[in-house]
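Asks: Below is the structure I would like to discuss, written out as structure tokens.
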Amino acid sequence: MQPLDGNVLAGVLSDVFSFEPTTTPGRCETCSDVAPLGQALVYGHPMGFVARCRSCGSILAVVVDHGGRTSFAMRGLQWLRVGDDGGAATPAPDAGTHDGAGGAPALR
């Protein structure tokens with residue numbers, strides 16, 4: 001099966017997020033590649049999409065449509081940077097550091 005362009009996710013994810021998801025950078029949990037979601041390799045089928053890392057092929061996200069409801073899982077993303085300056089794919093400074101409260105890595 002040939003992958004689709006990651007921008008195919010724009011329509012379905014615009015219903016879920018209030019920002020443009022395909023230009024938003026994210027970091028792969030497996031290889032730490034940082035890229036806009038629109039650069040992911042996407043495999044589609046009638047029920048939804050699987051987005052894979054452009055670098056290592058690991059699953060970044062899964063979008064499933066079931067009965068008019070959309071489920072979205074981002075297990076393969078360490079973070080997804082929202083409110084960036086146009087979605088430039090540059091790593092966040094100290095992206096691996098914690099928020100100081102013992103929680104997840106801070107989003108920047």
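The values are calculated or read from the model by the stated rules, or taken from the named source; none is laboratory data. All of these numbers come straight from a predicted model, not from anything done at the bench. Positions of Cβ are generated from backbone atoms using ideal geometry, with glycine treated the same way; all protein chains shown enter the neighbour counts.
Asks: Residue under question is Ser71, and the condition is that it be at pLDDT 95 or above, in contact with a Gly (Cβ under 9 Å, 6 or more places away or on another chain) and of a type in the set (Gly, Ala, Ser); does it hold?
Replies: Taking the combined requirement at face value, the residue does not satisfy it.
Asks: Only one of Gly26, Gly38, Gly44 is among the small types (Gly, Ala, Ser), touching a residue at least 24 places away in the same chain (Cβ under 8 Å), assigned to a strand (DSSP E or B) and closer than 22 Å to Gly83 by Cα; which?
Replies: Details: Gly38 fails: assigned to a strand (DSSP E or B); Gly44 fails: closer than 22 Å to Gly83 by Cα.
Of the residues listed, the single one that is among the small types (Gly, Ala, Ser), touching a residue at least 24 places away in the same chain (Cβ under 8 Å), assigned to a strand (DSSP E or B) and closer than 22 Å to Gly83 by Cα is Gly26.
Asks: Between residues in segment 68-79 that are without any contact (Cβ under 8 Å) to a residue 12 or more places away in the chain and outside any strand (DSSP E or B) and residues that are buried (at least 17 other Cβ atoms within 10 Å of the Cβ) and of a type outside the set (Asp, Glu), which pairs lie under 7 Å by C-beta distance while being six or more apart or on different chains?
Replies: none
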